[in-house]
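The values are calculated or read from the model by the stated rules, or taken from the named source; none is laboratory data. Just so it is clear, the model here is predicted, and its values are computed rather than measured. Heads up, the Cβs are rebuilt from the backbone with ideal geometry, glycines too, and the neighbour counts pull from every protein chain shown.
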Amino acid sequence: MLRFLITIVTLFTGVLFTAAQAADVKNLRVWASPDKTRAVLDLSASVEYKLFTLSNPERLVVDIEASDVVGELDLAGQEKYQGLVSNVRHAKRSNQDLRVVFDLAENTRPQSFLLTPAGDYGHRLVVDLFPANSTKPTVRTVKDVQPEPEREVVIAVDAGHGGEDPGALGANGTKEKKVTLAIAKKVKAAIDKEPGMRAVLIRDGDYYVPNRQRFEKARKARADLFVTVHADAFTKRSVRGSSVYILSRRGASSEAAKRLAENGNRSDLIGGVSLDDKDVVLASVLLNLSQSATLQESHHVAEEVLSALQKVGKTHKNYVESANFAMLKSPDVPSLLVETAFISNPEEEKRLNDPKYQRKLAAAITSGIRSHFHQRPPPGTWLAANRKQGQHIVARGDTLSGIASRYSVPVARIKEVNRLNNDVIRIGAVLVIPTG
Ligand SMILES: [Zn+2]
């Protein structure tokens, strides 16, 4: 009797399951790496699908049962990463099924699989395209069904000035370019220790990089934030303290106007969205939108950095300042400028040369950046995926085993997720608390 009941229940849920199969295709993401191009369709539910290739011209056809497109299935904004995919089209077939056609740049060998929800991602259909003449395995391996790795948040750390541009000079001859590099390197080291974050240095030696190239380098690194490190100077030697700047709104809009006016240089302004084929009005709207979102993020992270700096020492002003600095004019990468201290103040000049103080400044800048990205992690990042699993800010007296038992998570798991090599935890550090 019991077995009979179970069969009935199974049959019934089976029917329900089939009825609930209709899925929405919400989005297409592509990502080209040196050995393959990955296309990911974000789905509202798991699907049944078929996949085959056609030649002359090369195409990959994906037929998805009982599905609709509700989002954008195109390459807009991802042109840089489209790799072997030259175009994407879709159409409904027999009023029910969805056909997605990938036009391909060359003959490829596809591999495909479905992924179940993980982190910030829902159901996904993943298609990996390998060049047909490469030697990659055609057989689906266990490794292929691993969830996609979430990317790290990338911070571009820029040491102000350099080379023939010494920056400001201290009362005792310290060159700004030297202390900015020392601090920037320490910021990079501190950020690289943060789970889910990685830093790149815009310059790593004593040479000059033109301002616009600085954020072009940041964008090439796909940075989520550009932070440029400086030391202030003023004629009055008593003036002291750190300051944090973002681009002023006026500076932002005049820069937008200027860049749009530059003939033939309108593409690639908004994270790879080409503006060339759009008229100037639309282009300017897009650019302003992008810039105002960028400014909002800049302002948030700047406030976090300022409040972290206030714990290290005096700040020059107790609010984030805005100015029309050339190095902050990136339209799509949130940017801030940190004046670490006044090099013209003899006492601060001395401290700026002290590796211990440099480390303190670097730790404060890092903690502000960490706090920002823990609160507002960009989608698709490891931080975004793990934030939902809860966090714990280490307080005085906390121990790893105490935290582990509070959240009923093994110590080893907390250490693994936070990349801790030992049981030492810093007060104020934000630990990601994994679930399950
Ligand atoms: Zn400077």
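Considering only segment 361-429, give the helices (runs of 4 or more DSSP H) lying wholly within it that have at least 1 residues that are of a type in the set (S, T, N, Q) and at pLDDT 85 or above. Spell out how you get there, then give the answer.
Details: elements: 382-387, 400-406, 411-417.
Hits in segment 361-429: 400-406.
Hey, among Ala182, Ala218, Ala199, which residue is within 16 Å of the ligand (Cβ to nearest atom) and either within 30 Å of the chain's Cα centre (by Cα) or not hydrophobic (A, V, I, L, M, F, W, C) (or both)? Reasoning before the result, please.
Details: Ala218 fails: within 16 Å of the ligand (Cβ to nearest atom); Ala199 fails: within 16 Å of the ligand (Cβ to nearest atom).
Residue meeting the stated conditions: Ala182.
How about segment 156-179: which of its residues are of a type in the set (D, E, K, R) and either away from the ligand (no atom under 14 Å from the Cβ) or touching a residue at least 24 places away in the same chain (Cβ under 8 Å) (or both)? Quick ask: steps written out before the conclusion?
Filtering segment 156-179 down to residues of a type in the set (D, E, K, R) leaves 158, 164-165, 175-178.
Listed by number, the residues that qualify are Asp158, Glu164, Asp165, Glu176, Lys177, Lys178.
Given the criteria of a type outside the set (A, V, I, L, M), touching a residue at least 40 places away in the same chain (Cβ under 8 Å) and away from the ligand (no atom under 16 Å from the Cβ), does Arg237 qualify?
Details: of a type outside the set (A, V, I, L, M): yes; touching a residue at least 40 places away in the same chain (Cβ under 8 Å): yes; away from the ligand (no atom under 16 Å from the Cβ): yes.
Spelling it out, Arg237 is indeed of a type outside the set (A, V, I, L, M), touching a residue at least 40 places away in the same chain (Cβ under 8 Å) and away from the ligand (no atom under 16 Å from the Cβ).
I'm trying to understand the selection: among the residues of segment 289-324, which are surrounded by fewer than 22 Cβ atoms within 10 Å (Cβ to Cβ), at pLDDT below 75 and either touching a helix residue (DSSP H, G or I) at 6+ places or on another chain (Cβ under 6 Å) or charged (D, E, K, R) (or both)?
Asn324
Determine whether segment 318-334 contains at least one residue that is of a type in the set (Asp, Glu) and either assigned to a loop (DSSP other than H, G, I, E, B) or closer than 13 Å to Ala231 by Cα (or both).
Step one: of segment 318-334, the residues of a type in the set (Asp, Glu) are 321, 332.
Now narrow it down to the ones that are either assigned to a loop (DSSP other than H, G, I, E, B) or closer than 13 Å to Ala231 by Cα (or both): 332.
Within segment 318-334 (the criterion being of a type in the set (Asp, Glu) and either assigned to a loop (DSSP other than H, G, I, E, B) or closer than 13 Å to Ala231 by Cα (or both)), the answer is yes, since at least one residue qualifies.
If only one of Glu148, Glu152 is within 28 Å of Val25 (Cβ to Cβ), charged (D, E, K, R) and at pLDDT 85 or above, which one is it?
So the residue among Glu148, Glu152 that is within 28 Å of Val25 (Cβ to Cβ), charged (D, E, K, R) and at pLDDT 85 or above is Glu152.
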